[in-house]
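Enquirer: Following this message is one structure expressed as structure tokens.
What follows is calculated from the coordinates using simple rules that are stated; it is not laboratory data. These figures come from a predicted structure and were not determined experimentally. Don't worry about glycine lacking a Cβ; one is built from the backbone with ideal geometry, like all the others, and counts go over all protein chains shown.
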Amino acid sequence: MSLACVSALIMSSCLRLDTIIRLRRDGTVMARLIYTIAPEMVDFGRSFGSDEPWPLPLTEKDFEQQALRVGGVDVVRYRVRKLADGSERIDVKLVADSFGSIANYLALDFDIADSQDGGGSLIFTLPLVDGYEKADEERREIFDTIAGESAFKFNFEPPSKPVSVFPGEIDGRRAVLEVSLRELLYNEAPRTWEVSW
């Protein structure tokens with residue numbers, strides 16, 4: 001991820017993203033993306049004269065267009081809900097014909113393999129941000145302050161209960177990893193996330 005992407009990340013700094021990916025035994029995948037946008041960012045785009053409210057491509061049209069570009073993925077549910085604190089929650093459910101399709105759709109680096117004992121493994125390589133720590137210190141301090149609240153949570157549910165996860169934890173049938181935007185910006189997040197089942 002280049003330094004040019006940092007601005008987009010900062011614009012998402014009032015964002016929490018929960019990603020849940022369920023790999024079924026037949027190889028198909030269900031993914032659920034839950035974006036929670038803080039009240040101060042809910043109408044960010046409109047304040048600049050845009051038709052789109054959010055600082056990121058999060059409309060139903062955006063998800064449908066990505067499905068057309070990638071193939072193998074269907075958007076089966078899209079909901080927006082206003083929460084009591086003024087924030088908005090965008091809840092998207094996707095179904096993919098394979099793990100490769102969902103990885104392409106999300107533009108994330110997943111490597112999945114079956115093992116001889118009927119289990120399997122997943123290696124998720126987290127994105128790197130090149131050059132952020134070398135950016136202008138005053139600007140970086142502002143970005144760091146804004147980025148403080150942003151978090152990304154990855155949940156992976158394999159066909160059978162996970163037996164090991166590194167780093168992160170096992171929560172019932174799911175492997176879970178949570179990282180902050182600041183950890184990603186400074187490359188303090190783990191380079192890879194490994195799950196076995």
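Enquirer: Using 1/(1 + (r/R0)^6) with R0 = 25 angstrom and r between the beta carbons of Glu141 and Arg89, what's the FRET efficiency to the nearest 0.05?
Expert: That pair, Glu141 with Arg89, gives E of 0.25.
Enquirer: Work out how much length Lys134 to Asp109 would gain on full extension: take 0.36 nm times their residue separation and subtract the Cα-Cα distance, in nm to one decimal.
Expert: Fully extending the segment from Lys134 to Asp109 adds 6.5 nm.
Enquirer: Give the residue list of GluC sites (Glu not before Pro) in segment 107-197 that are DSSP loop and have at most 16 other beta-carbon atoms within 10 angstrom.
Expert: Glu149, Glu188
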